[in-house]
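Here is the structure we will look at, set down as structure tokens.
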Amino acid sequence: MLKVENVTKIYKKNSSLFQKEEDFVALNNISFELEKDKVLSVIGESGSGKTTLAKIICSLLPFDDGIVKINGKNILDYKKQELSNTVQMIFQNPYASFNPKLTIGYSLHEAVDEGIKNKKDFINEKLALVDMKEDDIFDKYPHQFSGGQRQRIAIARALLKNPKILIADEPFASLDVINQSLIMDIFYKIKKEQKTNIIFITHDISAAFKISDKILILQNGNMVKYGNIEEIKSDKTNGYINELINATYLME
Ligand SMILES: Nc1ncnc2c1ncn2[C@@H]1O[C@H](COP(=O)(O)OP(=O)(O)OP(=O)(O)O)[C@@H](O)[C@H]1O
Ligand SMILES: [Mg+2]
């Protein structure tokens, strides 16, 4: 399905106007696979390279070394439209995901491909999946929804493309516990009902244990571990994994 091989990403950083540009390795030789009908979680603390990796897979960011393939085809060989029908990303900040000047109805209609016959029914089907059924959704503007509602609409919009891969970048950020569990249930539903493979990005390892088949752990752009849940849980020798597990137990 998705194969990431030895991907390296370097950002150019200049700390002040007069200093030379310096290389900053945001991802160092990252390799993993997303198998069909599976959920992969990418875990790591702030700055570990999670969003960078997500943007590379969506072709929103160039990278310096390695290969990313979806269904055997290099993502650099995909046409823009073809890739957007294949991978969709839900962004970390639900406030920035919609154009504030457009109604939600307009933004949703715009996301539907021309080939779809009854656009409104198609949109309503995806909205029902994320439990957004109220009649007046279409005429409202983004600011008239709560953060949790906006996040759910962003998920529905991503599903309008029937993507083979859905990347959710910290979908719980800035949501309260009730909304977090609502969104979690929606991902269970998507996993079960839609033919969509999910990449779930989070710093919460306990959430990742609940939903994923495989887990990739990043630290400062390096792969700490990649494996199934049992392999991660049983790796007692890894201090960083223990830290992540202990941190979530403290929060619960
Ligand atoms: N455009 C950029 N130019 C230079 N450095 C960048 C750029 N974008 C990100 N970085 C750096 O790359 C590193 C990884 O950033 P990234 O956003 O991928 O982390 P993250 O794991 O998503 O963090 P968070 O959990 O806070 O969202 C960070 O140190 C960040 O400062
Ligand atoms: Mg991020």
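What number of residues in segment 60-71 are out of contact with any strand residue (DSSP E or B) (no Cβ under 8 Å at 6 or more places or on another chain) and within 25 Å of ASP37 (Cβ to Cβ)? Within segment 60-71, residues that are out of contact with any strand residue (DSSP E or B) (no Cβ under 8 Å at 6 or more places or on another chain) and within 25 Å of ASP37 (Cβ to Cβ) number 1.
List the helices (runs of 4 or more DSSP H) that sit entirely inside segment 1-119 and contain at least 3 residues that are under 20 Å from GLY221 (Cβ atoms). Show your work before the answer.
On the way: elements: 50-57, 80-84, 104-111.
Fully inside segment 1-119 and qualifying: 50-57.
Of the residues in segment 82-101, at least one is touching a Cys at 6+ places or on another chain (Cβ under 7 Å) and closer than 26 Å to ILE190 by Cα.
Of the listed requirements (1) touching a Lys or Arg at 6+ places or on another chain (Cβ under 9 Å); (2) within 16 Å of ligand 2 (Cβ to nearest atom); (3) without any contact (Cβ under 8 Å) to a residue 24 or more places away in the chain, ALA96 misses just one: (1).
From ILE56, ILE70, which residue is within 14 Å of the chain's Cα centre (by Cα) and either farther than 20 Å from ILE205 by Cβ or more than 15 Å from ligand 1 (Cβ to nearest atom) (or both)?
Numbers: ILE70 fails: within 14 Å of the chain's Cα centre (by Cα).
Checking each option against the conditions leaves just ILE56.
Sort out which residues of segment 136-165 are assigned to a helix (DSSP H, G or I), under 17 Å from the mean Cα position of the chain (by Cα) and either on the phi > 0 side of the Ramachandran plot or hydrophobic (A, V, I, L, M, F, W, C) (or both), and write them in order of number. Passing the criteria: ILE153, ALA154, ILE155, ALA156, ALA158, LEU159. Here ILE201 qualifies as within 13 Å of ligand 1 (Cβ to nearest atom) and not polar (S, T, N, Q).
Taken over segment 8-21, the criterion of being over 15 Å from PRO62 (Cβ atoms) and either more than 10 Å from ligand 1 (Cβ to nearest atom) or at pLDDT 95 or above (or both) is satisfied by SER15, SER16, LEU17, PHE18, GLN19, LYS20, GLU21.
The single condition among (1) in contact (Cβ under 8 Å) with a residue 60 or more places away in the chain; (2) exposed (fewer than 14 other Cβ atoms within 10 Å of the Cβ); (3) away from ligand 2 (no atom under 16 Å from the Cβ) that LYS13 does not meet is (1).
May I ask you to verify whether ILE67 is on the phi < 0 side of the Ramachandran plot and within 16 Å of ligand 2 (Cβ to nearest atom)?
So ILE67 fails the test.
If you take just the helices (runs of 4 or more DSSP H) that sit entirely in segment 166-252, which of them hold at least 3 residues that are β-branched (Val, Ile, Thr)? Spell out how you get there, then give the answer.
Values: elements: 177-193, 205-211, 229-233, 239-251.
Filter on segment 166-252 gives 177-193, 239-251.
Residue-level check: of (1) touching a Ser or Thr at 6+ places or on another chain (Cβ under 7 Å); (2) acidic (Asp, Glu); (3) free of Cβ contacts under 8 Å to residues at least 24 places away in the same chain, ASP204 misses just (3).
The values are calculated or read from the model by the stated rules, or taken from the named source; none is laboratory data. Keep in mind that this is a model prediction, so the values were computed, not measured. Heads up, the Cβs are rebuilt from the backbone with ideal geometry, glycines too, and the neighbour counts pull from every protein chain shown.
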